[in-house]
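Peer 1: If you scroll down you'll find the structure; I have some questions about it.
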Amino acid sequence: MTYQVLARKWRPRRFAEVVGQDVAVRALSNALADQRLHPALLFSGTRGVGKTTLARIVAKALNCEQGVNAEPCNECATCREIDEGRFVDLIEVDAASRTRVDDTRELLDNVQYSPTRGRYKVYLVDEVHMLSHHSFNALLKTLEEPPPHVKFLLATTDTQKLPITILSRCLQFHLGRLPVARIQAHLASVLEREAVEYEDTALRLVAEAADGSMRDGLSLLDQAIAFGGGSLSEASVREMLGTIAPADLYALLQALADNDAQALIKASRALAEQTPDFEAVLDALAALLQRLAVARAVPEAVGDAERTEALRELAQRLGAEEIQLYYQTAIMGRRDLQWAPDPETGFEMTLLRMAAFRPELDEASAPARAGRSGGEAASAPSRPAAASPGKNVPESAASSAAPSPAGSTGQPPGERATPDAVAQDADWGGIHRSLGLRGMAGQLARHCLLASHDESHMTLRLDPAYQQLLTDRAREQLRQALQKRFGEQLKVRIVVGESQGGETPAQSDARQSAERYRAAEHAIERDPTVNDLKNRFGASIRPDSIHPMDEQAPDGHR
């Protein structure tokens, strides 16, 4: 049985058949038509976007028996031999398996000889970035001044590993990842010519799974046809790819919109019974949230295929802040899956984090949300009451407050501080200086206030403008420094919130510096010598040249 896979059977043989690389095709066609082709071409891009395919078409166009032209004839003996991989003057080299300098020198020993049959001797070096440093050095001179009968066609998936000396000697064509719509349209034309029945939704799933690679799309198409028994249905393709149905994703978001933790866990565990790839599930959830955000902000930008009733309903029920926060949580949850006890637990905790950290509703919007949820105002979780004056903030109060969506910085968000009337401890400035912390931990301490402190607990309030400082490493260094001073039993908690009076050490330093500057400015303005110079010569004072006596001037002088 001699079955030819679709990726080889439908590989482009002419520039006109290449999909999605219009810029490179146009430049190469014009260069060949004008007989102005550079002696060394570099094709870069991710796997399966057409690097080697374009190189072979160029080789055919150069050696076609009909003459050098923008399109090879694909009928002469030379074109057929190149398509079949047996043309003697097309030397294809896999750099991944020939990395040694001796291999490169052996290859270049034959460059000086004229081609055996063709017009040009073409060297096609695939994955050229795998060559060794010495191999690149051996290639430099020949690449810069090759004989007139030689052309170098290089292909790579990683241009950053190529020496700049190689890049500067090549004409580079970067081949971009193909959009889903272009892959889907091409796969549809292939299936029509293969007389295979398919569903549009099934074909879109294959195109999305191809991840920008036409070759991967055709390979998946082969697999889907075999799995589906000669046809493509949405159900069979989802089963093959391990993706989940949109209804399962909508069930999760509906539960979040209803603030129904029980329904959320039920939907999550029903989904887990399908044994999906939870990274792919979070990717799909993030993609759905992106479409919801677009549907809320620019409804007309949503495609007809995606403009479903369920999408419209969720876009109305979820607020813009909620969608953004859920999207960010899904992205961060996908990153953290590797650290979870198992993927299912990590996925479930990501959903619970979405529910726990949903944005606060103001009094005006709360009745509207309750109405959209069926009029059950009691479904909204109760919030802890503010702490009474002079009391420490309870742990439960801070932990239930929503974090800032600024978690998108990639740093762990801090807890929101609940309002309290705790007097700020003026000694925090002295405490923080005595800790001797530097770097991020020192900056974190400088932008905090002491909210409360007893023998076993300390609560610090961080200025919201600097919550990006609240990294795990900085938090741990500050905790260890405080425990070293006050005892190992001390539990340290950092909340993010506006100050209730008082200054952080950073604010205090800035205020004192401003006061010293104003005093210095006032002293200069009253100085008789300065005033005499101003009166006699029309001199003026440059504000940036004023420095208090206890501060260092920018040029190093006092």
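Peer 1: Quick one: Leu107 ticks every box in (1) modelled with pLDDT of 85 or more; (2) of a type outside the set (D, E, K, R); (3) closer than 18 Å to His149 by Cα bar one, so which box is it?
Peer 2: Answer for Leu107: the failing condition is (1).
Peer 1: State which residue is farthest from Phe278 (Cα to Cα) when the search covers only the range 293-349 and only residues that are acidic (Asp, Glu) and outside any helix (DSSP H, G or I).
Peer 2: Of everything passing the filter in the range 293-349, Asp304 is farthest from Phe278 (Cα to Cα).
Peer 1: What about Asp126, is it over 29 Å from Pro115 (Cβ atoms) and of a type in the set (Asp, Glu)?
Peer 2: Numbers: over 29 Å from Pro115 (Cβ atoms): no; of a type in the set (Asp, Glu): yes.
The answer is no for Asp126.
Peer 1: Next question. Would the range 36-59 turn up any residue that is under 30 Å from Asp211 (Cβ atoms) and more than 35 Å from the chain's Cα centre (by Cα)?
Peer 2: yes
Peer 1: Are any of the residues in the range 111-124 among the small types (Gly, Ala, Ser) and under 30 Å from Gln4 (Cβ atoms)?
Peer 2: Filtering the range 111-124 for residues among the small types (Gly, Ala, Ser) gives 114, 118.
Now restrict to residues that are under 30 Å from Gln4 (Cβ atoms): 118.
Yes, the conditions are met somewhere in the range 111-124.
Peer 1: Further, regarding this structure: Against the definition (surrounded by 18 or more Cβ atoms within 10 Å (Cβ to Cβ) and more than 23 Å from Met349 (Cβ to Cβ)), how does Ala235 come out, yes or no?
Peer 2: It is false that Ala235 is surrounded by 18 or more Cβ atoms within 10 Å (Cβ to Cβ) and more than 23 Å from Met349 (Cβ to Cβ).
Peer 1: Can I ask one more? Residue check, Ser189 against (1) within 30 Å of Ile225 (Cα to Cα); (2) part of a loop (DSSP other than H, G, I, E, B); (3) out of contact with any helix residue (DSSP H, G or I) (no Cβ under 8 Å at 6 or more places or on another chain), all met but one. Which one?
Peer 2: (2)
Peer 1: All but one of (1) in the same structural domain as Glu348 (by TED's automatic domain parsing); (2) within 20 Å of Ala185 (Cα to Cα); (3) not aromatic (Phe, Trp, Tyr) hold for Ser231, so report the exception by its number.
Peer 2: Checking Ser231 against (1) in the same structural domain as Glu348 (by TED's automatic domain parsing); (2) within 20 Å of Ala185 (Cα to Cα); (3) not aromatic (Phe, Trp, Tyr), the one that fails is (1).
Peer 1: Could you check, for the range 411-420, whether at least one of its residues is over 24 Å from Thr350 (Cα atoms) and at pLDDT 85 or above?
Peer 2: no
Per-residue answers, yes or no, for (1) modelled with pLDDT of 90 or more; (2) surrounded by fewer than 17 Cβ atoms within 10 Å (Cβ to Cβ); (3) out of contact with any strand residue (DSSP E or B) (no Cβ under 6 Å at 6 or more places or on another chain):
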{"site": "Glu239", "(1), (2), (3)": "no, yes, yes"}
{"site": "Gly242", "(1), (2), (3)": "no, yes, yes"}
{"site": "Pro246", "(1), (2), (3)": "no, yes, yes"}
{"site": "Leu252", "(1), (2), (3)": "yes, no, yes"}
{"site": "Asn259", "(1), (2), (3)": "no, no, yes"}
{"site": "Leu264", "(1), (2), (3)": "yes, no, yes"}
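Peer 1: So is Glu279 of a type in the set (Asp, Glu) and either farther than 30 Å from Ala195 by Cα or under 24 Å from the mean Cα position of the chain (by Cα) (or both) or not?
Peer 2: So Glu279 fits the description; yes.
Peer 1: Considering only residues that are out of contact with any Gly (no Cβ under 7 Å at 6 or more places or on another chain) and at pLDDT 90 or above, look in the range 491-518 and name the one that is surrounded by the fewest Cβ atoms within 10 Å (Cβ to Cβ). Spell out the reasoning first.
Peer 2: Pass one, the range 491-518, residues out of contact with any Gly (no Cβ under 7 Å at 6 or more places or on another chain): 491-493, 497-504, 506-507, 509-518.
With the extra rule that they be at pLDDT 90 or above, the set shrinks to 491-493.
Values: Lys491: 12, Val492: 18, Arg493: 21.
Across the range 491-518, the extreme among qualifying residues is Lys491.
Peer 1: Scan the range 69-78 and give yes if some residue there is surrounded by fewer than 17 Cβ atoms within 10 Å (Cβ to Cβ), in a loop (DSSP other than H, G, I, E, B) and among the small types (Gly, Ala, Ser), otherwise no.
Peer 2: No, the range 69-78 contains no residue that is surrounded by fewer than 17 Cβ atoms within 10 Å (Cβ to Cβ), in a loop (DSSP other than H, G, I, E, B) and among the small types (Gly, Ala, Ser).
Peer 1: Sticking with this one: Any residue at all in the range 146-160 that's exposed (fewer than 15 other Cβ atoms within 10 Å of the Cβ) and under 27 Å from the mean Cα position of the chain (by Cα)?
Peer 2: yes
Peer 1: Please go through the range 134-189 and pick out each residue that is more than 19 Å from Lys51 (Cα to Cα) and among the acidic types (Asp, Glu).
Peer 2: Glu144, Glu145
Peer 1: Testing Ser29 on (1) within 26 Å of Leu167 (Cβ to Cβ); (2) outside any loop (DSSP other than H, G, I, E, B); (3) without any contact (Cβ under 8 Å) to a residue 12 or more places away in the chain, one condition comes back false. Which one is that?
Peer 2: (3)
Quick grid of which residues meet (1) closer than 14 Å to Asp427 by Cα; (2) hydroxyl-bearing (Ser, Thr, Tyr); (3) in a strand (DSSP E or B); (4) in contact with a Leu (Cβ under 9 Å, 6 or more places away or on another chain):
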position: Gly442; (1), (2), (3), (4): no, no, no, yes
position: Arg473; (1), (2), (3), (4): no, no, no, no
position: Arg479; (1), (2), (3), (4): no, no, no, yes
position: Val492; (1), (2), (3), (4): no, no, yes, yes
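Peer 1: Then there's this: Sort out which residues of the range 128-154 are modelled with pLDDT of 90 or more, under 16 Å from Asp94 (Cβ atoms) and not in a helix (DSSP H, G or I), and write them in order of number.
Peer 2: Phe152, Leu153, Leu154
The values are calculated or read from the model by the stated rules, or taken from the named source; none is laboratory data. From a predicted model like this one, the values you see are computed outputs, not experimental measurements. Neighbour counts are summed over all protein chains in view; Cβ atoms, including those assigned to glycine, are modelled from backbone coordinates with ideal geometry.
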